[in-house]
1. Could you work out the per residue convex hull volume over the alpha carbons of segment 23-115, in cubic angstrom?
2. Longer than 22 Å from Cα to Cα, which of LYS48/LYS73; LYS48/LYS89; LYS64/LYS105; LYS52/LYS103; LYS40/LYS103; LYS65/LYS105 are they? Say none if no pair is.
3. So how far apart, in nm, are the two label points at ASN35 and ASN76 if each is 7 Å from Cα heading toward Cβ?
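None of the figures in this text is laboratory data; all of them are computed from the coordinates on show. Just so you know, these numbers come straight off a predicted model, no measurement behind them. Here the Cβ is made from the backbone with ideal geometry for all residues, glycine too, and neighbour counts use every protein chain on show.
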Amino acid sequence: MTRFHPNKNVKPFHRFKTRFHSTGETFIRNQLIRNHIQFKEQTPIRLKGDKKKIRIADFYLPKKKLYVEFLGKWNNLRQQYINKINVYKKNKVRVLYVYPTAKSKMRFKRKIFNLS
């Protein structure tokens, strides 16, 4: 059976296999659901000037055209996160970063509430 897609130039979105969610990602997911914000998880994104062919954003909010990244291992993987942030900036991608601190999570709750 062939899958129909109205625009032949657009490839259908294929989700990556579900993986374990960190506590922070679970927190973000629950906040998005509570605020009735439509989102996609583990969204592939291609960026110009990136050493990686594809990055996987934690969440994408299609109605807001906004990515959400949880930087859960900031203390251990700081340089990789900084590289990722710089690539997003160079490509002018709208991203909301959430750090693994209670203060950052509270800021996220306020921002998400304002988005809904």
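1. So the per-residue hull volume is 94 Å³.
2. Cα-Cα > 22 Å for LYS48/LYS73; LYS52/LYS103; LYS40/LYS103; rest within.
3. 2.8
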